[in-house]
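Here's the structure we're looking at; comments come further down.
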Amino acid sequence: MNQFYTTTDHFVLIPAIMLALFGCAILLFDFLVFPHPKQRKWLLLFVVLGLGFTGYGLWRQQAFLTANGLTELTAFQGSLTIDRFALFFNWIFEIATLIVAIVSYNYLEIEGEHHGEYYALMMFAQCGMFFLAAGTDLVTLFIGLELMAICFYIMVGFLRGDKRSNEAAMKYLLLGAFSSGFLVYGFSIMYGLAGSTRLSDITAAISARDTWDPVVFMAMATTSVGLLFKISAAPFHMWAPDAYEGAPTTITAYLSVASKAASFAFLLRIFLGPLASSRDAWEPLLAGVAVLTMTVGNLAAISQSNIKRLLAYSSISHAGYMLLGLIAGNDTGIQGIAVYILVYTFMNLGAFLVVVAMRRKNIIGEDLDDMAGLMYKNPGYAVLMLIFLLSLAGIPPTAGFLGKYYIFLSLIQTHHYILAVIATLYVAVAIYYYFRVVRIMFVGELTEKAPLATSFGLRLALGITGVLTLAMGIYPEPFLRLAQSSLLK
Amino acid sequence: MDQHLLSLVLFAPLAGLLILLLIPGSQKNLIKVWANLVGFASFLISLPLVSRFDKTVGGFQMVERADWIPSIGAKYLIGIDGISLLLVMLTTLVGFLAIFSSWNSIDDRVKEYYAMFLLLQTGMIGVFVSLDFFLFYVFWELVLVPMYFIIGVWGGPRKLYAAIKFFLYTLAGSVLMLLGILTLYFQYHQQFGAYTFEIVDLIKLEMPLGVQQWVFWAFFIGFAIKVPMFPFHTWLPDAHVEAPTAGSVILASVLLKMGTYGFIRFSLPLVPKASVNVTIVQILAVLSIIGIIYGALVSLMQQDWKKLVAYSSVSHLGFCTLGIFAMNPNGIAGSVLQQINHGISTGMLFLIIGIIYERRHTREIAEYGGLAHVMPKYAIVFAIAMLSSAGLPLLNGFVGEFTILQGAFEASHVWAAFAVMGVILGAAYLLWLYQRTMLGQVTNARNLHLPDMTLREMFVFLPLIAWAIWIGVYPKPYFDLLEKPVQQIVERVRPDYYQGGVQKADAAIRRHRDTAKIALIQAGAAQ
């Protein structure tokens, strides 16, 4: 190994290499070795293996950090940094990819669009996410972002025969490209300020300047637009409902959880790194965005009749809550974002998994009315959905309450009382539309007798998400410790 | 087992629920029998609490403590004092009777119904025994979900509207209360450098009046909606009218008490400066009095039997809050006792409505008249319940109202004067209701052949009537039970109150001295 690729570099890069390799392997094997549709189940084995190796790499990195008492491990001259923060997010990506992959098999069979690329794209997307969470260089981060985004553009449009899916992919692509433009523009200003693409250099250059320096402000504003688009914060959220609705439901789940977590990792890296010193400039801006995001998300969700759109708006409002943690900006706030993302991963995946199960042969099952009387047809699904929805609303003793608890506490600690009151009152609004779903499931008359789809993967995934959503609410201690250790310090 | 009696009381319904889930839904009778057994067993298990409780000691008893979420300082910490003991006993008894009374009235989705009730039971007991604010909040919110389903699934025609209204109202209040809790939590960390939700610790906080006022109002919204106090009461009639009988009983008897309990347990001791602040006390007292009179007046106007009793709750709970904000031992002790009384008498009234509704499926008062001829046993039970609610001496309502009025009088003559009007109006709407439905000739041919109460139905009332008479005739054990905790609260909010009491004692001694002097003089004269 030479100076351009040291053993440390290799050690840090292993998870990404594994993801990319297995992604390529899936493409090749699908094409060459498993020509018969029935053999596709082996591809799932590849996904699990790939994720296993990736997880092993991450685990070794974590063990290395612990064993040597290090807080971080940098590679490629500071372009990649493995710290607790990066590891925390990568574990979330692992879980999200695994859960989505195991439910996709049955779902894609039903949709009649089962192709090997699907799994490869998921692996590549996760590879992009790895760079988003671990990248500490503008170029690395941007490449990670685009790798993830392009995979998602394709996956959103994966149902080739479905107009909505095509439309969604097109919209997402156009708006996504537009926002990437803003982001790169901001990056170029940052590069101009620092003469380097390393986040640490840019941090130094920006903190040497005045908070209200116009150039810094320009960099901040344009970068924010790009980042806020990715986390689907209002007013840059327009793509989300359409993309969520049109995409295959499994991808909607993946998009709403993994992509959002990765984008938040990215956002935190930028806002707590280079832009940390101009907090006075962006704090009011983000506060406005957060309030608007919660308002748009919660109010628009009330009138939705398509359950995927409803969950899309709800996930917009969750982005608003997470932003509040950044606005508070203290340890509790950042830990709050970590906890929030962790619980959000499970509860939101879970809710979408139930929607995945609603898709049966010849039944689209995306309307709220399709859930009517679910309790008397599939009580297990209905109760799980109830748990996920209660958690999304933040009612104890479910996990979602923990996320909200930290966010509210951080706002109180930093004296953002008005934001705290607004954020709490939107909980009551949210319960209204979540309970529209509950009402239909438990009180509505059974119209469609066909039971929901089920498969081993789906049951397993629902079991994991359901148990964790409850367990994190009832005994959250280990999960809080995990989130605590991920603070960016 | 002995040290964990309280946990046992708390989790017995939940354990019963888990076993209930194993019974297949088609076995309706088995489910009913099992749920009733669990309800009865929970009540029996809670009885030793009374015998073990030592009323001569202040502070909390039977405390159980375990770490729950160390990283935020939340603990599993439960315990009871005299106030919570009474409310826990009320919960276990009324909870069992509510389950028992549902035997015939609920026939579809039986398993889910009883599951919700048992979950509710654990939630309510949890609210009254939690000594950790975080734990309290979890139970507080836990109660909402089963209640939503009880109203929303097994309720009347407008059940969905009523259920979501109940949920949204209480939730909006409780999330704001959460902000108050978090403020205390944060203030404690600033002053003592540790994170805790323990009530006993948080009481040590010294905060400026400004902060206390904010916290007070945050708590106020949470508790006042639950009570409900005057401007926040609009969810109550809807919820009561639409809920099934047992739901109404639980709602009136126990759920509303969570709000008043919150005021006594949290608002007063934790933010004492704000609680005795003249403006705040005035506002609270005025709202209580408006509640008393407005509730009574609206009750007078009701055509619907159940709605009448629902609005009477607004009026009666007004007494409870007035007693609390009189801020003296009589007021607070009377308020706690009146909460129990309201639980007993309004619980009975709702059960009575349930019985007639099962037979006639209407609650229009005009549909009835002269029922005493057809259903004599029913008329007697109704008379007792009605008189207990109206505050007839020798029944429980009188003792509570009288003590509250004493407390209110001590605080302000004007308050007492207005509150007395509420007592009169209360007697008016209840007696008028009784007259219209029970007395005179049978006005509606359809009522001519109504069957009287069955043995099972009688049995539901028996313990409640016995309790009502006990409190009415011999309330001393209750006041003994409440003396210490109430004294602690009053000492906390008004540290000088008992010194004022000392002055009175001085006066008594002076009088005593005078008599002694006279005796001496007489003795001298004799010499």
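The values are calculated or read from the model by the stated rules, or taken from the named source; none is laboratory data. Just so it is clear, the structure is predicted and the values come from calculations on it, not from any experiment. So basically every Cβ, Gly included, is an ideal-geometry build from the backbone, and we count neighbours across all protein chains shown.
All conditions in (1) facing chain B (nearest Cβ under 8 Å); (2) touching a Leu at 6+ places or on another chain (Cβ under 6 Å); (3) among the β-branched types (V, I, T) hold for A:V443, with the sole exception of (2).
Listed here are the residues, each with its yes/no results for (1) crowded, with 24+ Cβ neighbours inside 10 Å; (2) within 14 Å of another protein chain (Cβ to nearest Cβ); (3) in contact with a helix residue (DSSP H, G or I) (Cβ under 9 Å, 6 or more places away or on another chain); (4) closer than 28 Å to A:Y475 by Cα.
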residue	(1), (2), (3), (4)
B:I31	no, no, yes, no
B:V57	no, no, yes, no
B:M62	no, no, yes, yes
B:W68	no, yes, yes, yes
B:G73	no, yes, yes, yes
B:G79	no, no, yes, yes
B:I99	yes, no, yes, no
B:N104	no, no, yes, no
B:R109	no, yes, yes, no
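Determine, yes or no, whether A:T74 is in contact with a helix residue (DSSP H, G or I) (Cβ under 9 Å, 6 or more places away or on another chain), touching a residue at least 60 places away in the same chain (Cβ under 8 Å) and either over 25 Å from A:L44 (Cβ atoms) or not in a helix (DSSP H, G or I) (or both). In short, yes.
Pairing each residue of region A:331-354 that is under 23 Å from A:R459 (Cα atoms) with any residue that is of a type outside the set (S, T, Y) and not in a helix (DSSP H, G or I), provided the two are 6+ apart or on different chains, yields C-beta distances under 9 Å for A:V343/A:P476; A:V354/A:L452. Where helices (runs of 4 or more DSSP H) sit wholly within region B:243-316, those with at least 2 residues that are closer than 24 Å to B:E367 by Cβ and of a type in the set (V, I, T) occupy B:245-250. Restricting region A:383-397 to residues that are outside any helix (DSSP H, G or I) and over 20 Å from the mean Cα position of the chain (by Cα), the residue that is nearest to A:V437 (Cα to Cα) is A:I395. Can you go through A:F131, A:F142 and tell me which one is surrounded by fewer than 23 Cβ atoms within 10 Å (Cβ to Cβ) and hydrophobic (A, V, I, L, M, F, W, C)? Unique residue meeting the criteria: A:F142. Out of A:L409, A:L402, one residue alone is in contact with a Pro (Cβ under 9 Å, 6 or more places away or on another chain), facing chain B (nearest Cβ under 10 Å), crowded, with 24+ Cβ neighbours inside 10 Å and of a type outside the set (G, A, S). It is A:L402. Among the residues of region B:172-207, those that are within 23 Å of the chain's Cα centre (by Cα) and either among the aromatic types (F, W, Y) or within 14 Å of another protein chain (Cβ to nearest Cβ) (or both) comprise B:A172, B:G173, B:S174, B:V175, B:L176, B:M177, B:L178, B:G180, B:I181. Condition check: within 22 Å of the chain's Cα centre (by Cα), within 28 Å of B:K476 (Cα to Cα) and assigned by TED's automatic domain parsing to the domain that holds B:I332. Does B:E410 satisfy that? Judged against the criteria, B:E410 is not a match. Every residue in region B:153-165 that is within 11 Å of chain A (Cβ to nearest Cβ), under 17 Å from B:H233 (Cα atoms) and in contact (Cβ under 8 Å) with a residue 40 or more places away in the chain, please. Across region B:153-165, the qualifying residues are B:Y161, B:A163, B:K165. Being touching a Pro at 6+ places or on another chain (Cβ under 6 Å), more than 14 Å from chain B (Cβ to nearest Cβ) and either within 30 Å of B:Y195 (Cα to Cα) or in a helix (DSSP H, G or I) (or both) is not true of A:A319. A single member of A:A234, A:A265 is crowded, with 23+ Cβ neighbours inside 10 Å, in contact with a Phe, Trp or Tyr (Cβ under 6 Å, 6 or more places away or on another chain) and of a type outside the set (V, I, T), and it is A:A265. On inspection, B:S26 qualifies as more than 30 Å from A:Y405 (Cα to Cα) and within 14 Å of chain A (Cβ to nearest Cβ).
Counting residues in region A:446-458 that are among the hydrophobic types (A, V, I, L, M, F, W, C), touching a helix residue (DSSP H, G or I) at 6+ places or on another chain (Cβ under 6 Å) and modelled with pLDDT of 90 or more gives one or more.
Residue check, A:A420 against (1) surrounded by 24 or more Cβ atoms within 10 Å (Cβ to Cβ); (2) assigned to a helix (DSSP H, G or I); (3) in contact (Cβ under 8 Å) with a residue 24 or more places away in the chain, all met but one. Which one? Condition (3) is where A:A420 drops out.
Matching residues to (1) in a helix (DSSP H, G or I); (2) among the β-branched types (V, I, T):
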site: A:T211; (1), (2): no, yes
site: A:V215; (1), (2): yes, yes
site: A:T223; (1), (2): yes, yes
site: A:G226; (1), (2): yes, no
site: A:F229; (1), (2): yes, no
site: A:F236; (1), (2): no, no
site: A:Y244; (1), (2): yes, no
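Condition (residue is within 26 Å of B:V33 (Cβ to Cβ), more than 10 Å from every other protein chain (Cβ to nearest Cβ), out of contact with any strand residue (DSSP E or B) (no Cβ under 8 Å at 6 or more places or on another chain) and buried (at least 24 other Cβ atoms within 10 Å of the Cβ)) applied to region B:136-145: is it met by at least one residue? Yes, there is a match, as at least one residue in region B:136-145 is within 26 Å of B:V33 (Cβ to Cβ), more than 10 Å from every other protein chain (Cβ to nearest Cβ), out of contact with any strand residue (DSSP E or B) (no Cβ under 8 Å at 6 or more places or on another chain) and buried (at least 24 other Cβ atoms within 10 Å of the Cβ). In this structure, is A:A461 at the interface with another protein chain (Cβ under 10 Å from one of its Cβ atoms) and either surrounded by 21 or more Cβ atoms within 10 Å (Cβ to Cβ) or out of contact with any Lys or Arg (no Cβ under 8 Å at 6 or more places or on another chain) (or both)? Here the answer is no, as A:A461 does not meet what is asked. Counting only helices (runs of 4 or more DSSP H) wholly contained in region B:429-527, the ones carrying 2 or more residues that are of a type in the set (A, V, I, L, M), in contact with a Ser or Thr (Cβ under 8 Å, 6 or more places away or on another chain) and at pLDDT 85 or above occupy B:455-473.
Against the test of being in a helix (DSSP H, G or I), more than 12 Å from chain A (Cβ to nearest Cβ), in contact with a Leu (Cβ under 8 Å, 6 or more places away or on another chain) and at pLDDT 90 or above, the options B:I150, B:I125 yield a single qualifying residue, B:I125. Sub-7 Å Cβ pairs linking a first residue in region A:110-136 that is under 30 Å from A:P35 (Cβ atoms) to a second residue that is of a type in the set (K, R) and at pLDDT below 95, at least 6 apart or interchain, are A:I110/A:R359; A:I110/A:R360; A:I110/A:K361; A:E113/A:R160; A:H114/A:R40; A:G116/A:R40, ordered by first then second residue.
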